[in-house]
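Reading through the structure tokens given below for one structure.
The values are calculated or read from the model by the stated rules, or taken from the named source; none is laboratory data. Nothing here was measured: the structure is a model prediction, and the numbers come from that model. Note that we place each Cβ from the backbone using ideal geometry, even for glycine, and neighbour counts take in every protein chain shown.
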Amino acid sequence: MDKTLLKGLTVLEAVTDVEHPSRTIEELAARVGLTRSNTHRTLQTLMHAGYIERDDDTGYRGGIRLFELAARQLGHLDLRRIAGPAMRKLAADTGETVHLSVLDGIEVVYIDKIDSPQPIRAYSMIGGRAPAYAVATGKALLAYQPEGYLETYAETLARHTGATITTLPLLKEDLRRAVRAGYALNRGEWRDGVGGVAVAIFNALDDVVGAIGISGPLDRLSLGRAKELAVEVKTCAADISAALGHKKP
């Protein structure tokens, strides 16, 4: 067990306990069972990282970094809850695996999924990651990132299959096509023989907050069928976006 990390978390919990506030170093030290010097060092580390801040009048309190982390997690939980009904309908209508993804750098994180009932299907897990540039939900998210976003990760575009796009010009063209069509495609770019189609999800501020997509074997998810199913994925994404307060332009 990492005792230093445990001390930090214990102090952080004490600082953010609004029902039993401990405003001074002495109060915090007594509460968490550490020496004054240990408590002071831990507080300095947490302040440096932005997890707590100090006010001359009220003492220590949660910092902006802590609120950012909390907001991010609450946002994901809320997105999962809101997306649930539309995801279930999409899964029932298409018979394919449905993924709800968010972007983290150049990767997507699967925050929810519904497995296909088919014996041959796309395999993944909630909390799992995949290269955003090689899967449909990732492309749907990357397509709406600000100018210069992709350049940050230009050297990380590794090849996973013979179909993986690994150069910025080709990737950007693929993403432009996704914007024009309203959906992104994966044609065996992350796993051989597995494809997908996905659409971005927007919130009330017109920010992209996630993507919904279906995945399955290319034998079943041919290009023609993928384009047909894109209509249903678009409807699903639009329903989720509307539930988040997004208004169509």
Have a look at Asp192, Asp206 and point out the one that is surrounded by fewer than 15 Cβ atoms within 10 Å (Cβ to Cβ) and within 18 Å of the chain's Cα centre (by Cα). Asp206
Restricting to region 194-248, give me the number of residues that are farther than 19 Å from Gly84 by Cα and of a type in the set (Ser, Thr, Tyr). 1
For a quick check of your reading of the model, give me the residue pairs whose first member lies in region 6-17 and is under 15 Å from Arg54 (Cα atoms) and at pLDDT 85 or above, whose second is charged (D, E, K, R) and assigned to a helix (DSSP H, G or I), with beta-carbon atoms closer than 6 Å and at least 6 apart or on different chains. Ala14/Arg31
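Filter region 30-81 down to residues that are in a loop (DSSP other than H, G, I, E, B) and over 18 Å from Thr10 (Cβ atoms) and give me whichever is modelled with the highest pLDDT.
Looking at residues that are in a loop (DSSP other than H, G, I, E, B) and over 18 Å from Thr10 (Cβ atoms), I get Gly50.
Check Ala242, Ala238 and return the single one that is surrounded by 17 or more Cβ atoms within 10 Å (Cβ to Cβ), farther than 19 Å from Val108 by Cα and without any contact (Cβ under 8 Å) to a residue 40 or more places away in the chain.
Values: Ala242 fails: surrounded by 17 or more Cβ atoms within 10 Å (Cβ to Cβ).
Answer to the selection: Ala238.
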Complete set of residues in region 185-203 that are over 24 Å from Ala238 (Cβ atoms) and not in a strand (DSSP E or B): Gly188, Glu189, Trp190, Arg191, Asp192, Gly193
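With respect to Tyr183, determine if the residue is in the same structural domain as Ser215 (by the TED database), under 17 Å from Ala226 (Cα atoms) and not acidic (Asp, Glu).
Numbers: in the same structural domain as Ser215 (by the TED database): yes; under 17 Å from Ala226 (Cα atoms): yes; not acidic (Asp, Glu): yes.
Here the answer is yes, as Tyr183 does meet what is asked.
Residues in region 101-119 that are part of a strand (DSSP E or B), touching a Phe, Trp or Tyr at 6+ places or on another chain (Cβ under 7 Å) and of a type outside the set (Ser, Thr, Tyr): how many?
Just the residues of region 101-119 that are part of a strand (DSSP E or B), to begin with: 101-104, 107-114.
This time we only want the ones that are touching a Phe, Trp or Tyr at 6+ places or on another chain (Cβ under 7 Å), so: 101.
Checking which are of a type outside the set (Ser, Thr, Tyr) leaves us with none.
Selection size over region 101-119: 0.
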Checking the conditions here, which among Ala122, Ala163 is at pLDDT 95 or above and not in a helix (DSSP H, G or I)? Ala163
I need a count of the residues in region 132-160 that are without any contact (Cβ under 8 Å) to a residue 60 or more places away in the chain, of a type in the set (Gly, Ala, Ser) and buried (at least 17 other Cβ atoms within 10 Å of the Cβ). 3
Report every pair of residues separated by at least 6 positions or lying on different chains whose Cβ atoms are under 8 Å apart, first residue within region 209-226 and outside the structural domain of Asp115 (by the TED database), second surrounded by 15 or more Cβ atoms within 10 Å (Cβ to Cβ). none
